[in-house]
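The values are calculated or read from the model by the stated rules, or taken from the named source; none is laboratory data. Predicted, not measured: the structure shown is a model, and the values here were computed from it. Every residue, glycine as well, gets a Cβ built from its backbone with ideal geometry; the counts of neighbours run over all protein chains shown. Quick note on the areas: whole protein, heavy atoms, side chains included, nothing else; ligands and nucleic acids left out. Shrake-Rupley method; radii C 1.70, N 1.55, O 1.52, S 1.80 Å.
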Amino acid sequence: MKVGDLRVFNSQIGWYYSNRLFIVLYIDEDSAMVQISFPDTGFRDHWDRINLLHDSKPVPVKKCP
């Protein structure tokens with residue numbers, strides 16, 4: 001995981017986060033906290049990097065032909 005990654009929460013996560021798309025904004029290497037932003041609302045949240053990797057999956061960036 002790196003800053004700028006586009007990810008989506010797995011479907012088994014709670015109702016608020018389920019299938020929500022987010023962008024990784026900041027990774028604190030000392031505490032393993034990750035700041036994320038939801039593009040649809042602009043809301044920002046903090047997650048533990050290990051939990052975030054387990055609870056989400058990468059979204060491929062599709063380029064227009």
message: Quick check on the stretch 12-32: of everything there that is assigned to a strand (DSSP E or B) and under 15 Å from LYS2 (Cβ atoms), which residue is most open to solvent (accessible area, probe 1.4 Å)?
response: TYR26
task: Can you run down the residue pairs with Cβ atoms below 7 Å, 6 or more apart or on separate chains, where the first is in the stretch 31-52 and among the polar types (S, T, N, Q) and the partner is open to solvent by 50 Å² or more (accessible area, probe 1.4 Å)?
output: GLN35/LEU25; GLN35/TYR26; GLN35/ARG44; GLN35/HIS46; SER37/ILE23; SER37/LEU25; SER37/ARG44
